[in-house]
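Values quoted throughout were computed directly from the atomic coordinates according to the rules given, and no laboratory measurement underlies them. The structure presented is a predicted model; accordingly, all values stated were derived computationally and were not measured. Please note: Cβ atoms are built from the backbone with ideal geometry, for glycine as well, and neighbour counts cover all protein chains shown.
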Amino acid sequence: MPRILLLLPTTTYRTEAFIGAAQRLGVDVTIGSEKPNTLTKLNPTALLTLRFDDPAQAARQAAEFSAKHPIDAVVAADSQAVAVGAAISELLGLRHNSVASSAQAENKHRMRRAFEQAGVPSPEYRLCLLDDERRALADRTEYPCVIKPLALSGSQGVIRVDTAEEFIQAVGRLEIILKRADDAPPASGNCGNDGAQSQVGSPESSRQFLVEKFISGPEVALEGMLTRGELRMLALFDKPDPLNGPFFEETIYVTPSLLAAEVQEEITRCAAQAARALGLTEGPIHAELRLAEDGPVVIEVNARSIGGLCSRALRFGTGMSLEELIIRHALEKDFELPNRQSQATGVMMIPTARAGRLIEVRGLDEAKAVSGIEDVAISAHMGQWLVPLPEGSQYLGFIFGQADSPQAVEAALRESHSRLEIVIQPTVGRTREDDCTSPAEWSKKDG
């Protein structure tokens, strides 16, 4: 029986989905995680503690394990495990993306540089230092623009600014976010970004940030699979809510896309070009693109599948989950990818409206009763401190819909969400700095 090494960060939402998929496929599973488990001694072949912060060391650990318990494929569930997965697969001689391509996909500056060199349509950008004189930076910046960190995910720290004064304030805010992220464990997040966010970790990503030209137009997300360098689109999600800032909180994903077939083909070609520019050749990708007036523009391409619980919105062939598809692709050299089931589906990431302690979620039964709603899953726990974007990166939960048309799915998701009452206790006794927010001028934009 083949064995897969599932790289599952302790913060991932996707443990249940991947383990369930492996069980349905009847394969042996070893879970690789960055923290030890007390049950490891009871079942040493099922659990493996790896140095996610040191891919080379993790690869040596996995090779020692594989010498006794052969590993046939490696699957990284979330972004923080992608580089580790590439290093292990390379050492074991398994299908993989190169370590260099994985590293490029995990660093926004390296990604932008690769796109620029390959002629991939992507935003104009400039690499800046937090130590630079901010007034001078602001004065030579073209507006509107977007500032963003190099390594965080879930739109954390990403801020649109329209004036020089906003620029200076936003950079100060980003500096606090990066300092806190450097000191904190990663958190789970949303669909577009898996939420098991990349650690800031290095001096490079801790003190540098990007300033990018803001690209107007609707945004889409492409879920795809690379096989020997060829991209197959698995699903294209429309994002009906505008993402114009100042923060970029994603909410609704709906598939199939309502875009014209020729536009969808152009999006796929653009995503494939971006994957080639990064050097990616094998496995899942998740790409975010904007539809500008003159065509698609690549915002980012990640060497992993859709994050959070969002994969529940996808089924393939006769009911295969995305996780089953990923595992089979990793194990079977000539696996033929099935088509996505034709039914319109969608997911809504329930946004965090304000900072505070989650006390209660009311109206769950009413929200689930909406026609076209398959489930409402609250992933935050009661009593949890919630922090909205751009300081936070977590969502309250997910609403899943299925109907005869994308428009009906979107309407069902919105109706279901309207029936929820989220009770959040204000941050009594806590300062805005405690909630990772600053400065006071941003309160008007925070709502």
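At a 10 Å Cβ-Cβ cut-off, how would you order 376, 263, 161, fewest neighbours first?
The order, fewest Cβ neighbours first, is 263, 161, 376.
Rounded, prolate or oblate for the chain? Axes are the square roots of the Cα gyration tensor eigenvalues, ordered a ≥ b ≥ c, and the cut-off for rounded is a/c under 1.5.
Rounded shape, in that the Cα axes give a/c under 1.5.
Output the Cα-based Rg and Dmax of the stretch 1-113 in Å, rounding Rg to one decimal and Dmax to a whole number.
In Å, with Rg to one decimal and Dmax whole: 13.7, 47.
Below 16 Å Cα-Cα, how many Lys pairs turn up in the chain? Only count pairs eight or more apart in sequence, or on different chains, if you could.
5
Can you pull the one-decimal nm distance between simple spin-label points at residue 180 and residue 266, each 7 Å off the Cα toward Cβ?
So the two model labels end up 4.0 nm from each other.
Just to check I understand the Karplus step: with θ = phi - 60° and J = 6.51 cos²θ - 1.76 cosθ + 1.60, what whole-Hz values come out for the stretch 293-302, glycine and proline as x?
Per-residue couplings from phi come out as 4, 9, x, x, 10, 7, 8, 6, 10, 10 Hz.
Rounded, prolate or oblate: pick one for the stretch 80-146, where a ≥ b ≥ c are the square roots of the eigenvalues of its C-alpha gyration tensor, a/c under 1.5 means rounded, and failing that, prolate if a/b is larger than b/c, else oblate.
prolate
Which of 96, 109 has the fewest other C-beta atoms within 10 Å, and how do the rest follow up to the most?
Taking fewest neighbouring Cβ atoms as first place, the list is 109, 96.
State whether the stretch 289-360 is rounded, prolate or oblate according to the following rule on the C-alpha gyration tensor (a ≥ b ≥ c being the square roots of its eigenvalues): a/c under 1.5 gives rounded; otherwise a/b larger than b/c gives prolate, and the remaining case gives oblate.
It comes out oblate by the Cα gyration axes.
Amide H to amide H, which residues 5 or more places from residue 47 or on other chains are under 5 Å from it, using H placed in the peptide plane?
Result for residue 47 returns 31.
Using bins 10 angstrom wide from zero, how does P(r) for the stretch 217-309 break down, in % of all Cα pairs?
17, 53, 28, 3
With the crude spin-label approximation of a point 7 Å out along Cα→Cβ, what separation in nm comes out for residue 19 versus residue 362?
3.6
Using alpha-carbon pairs under 8 Å, 6+ residues apart, how would you state the relative contact order of the chain in percent?
Here the relative contact order equals 15 percent.
Where in the chain is the longest stretch that carries no trypsin sites (Lys or Arg not before Pro) classed as loop by DSSP and with at most 12 other Cβ atoms within 10 Å?
334-447
Can you tell me the FRET efficiency between residue 336 and residue 375 if r is taken as the Cβ-Cβ distance and R0 is 35 Å, rounded to the nearest 0.05?
0.70
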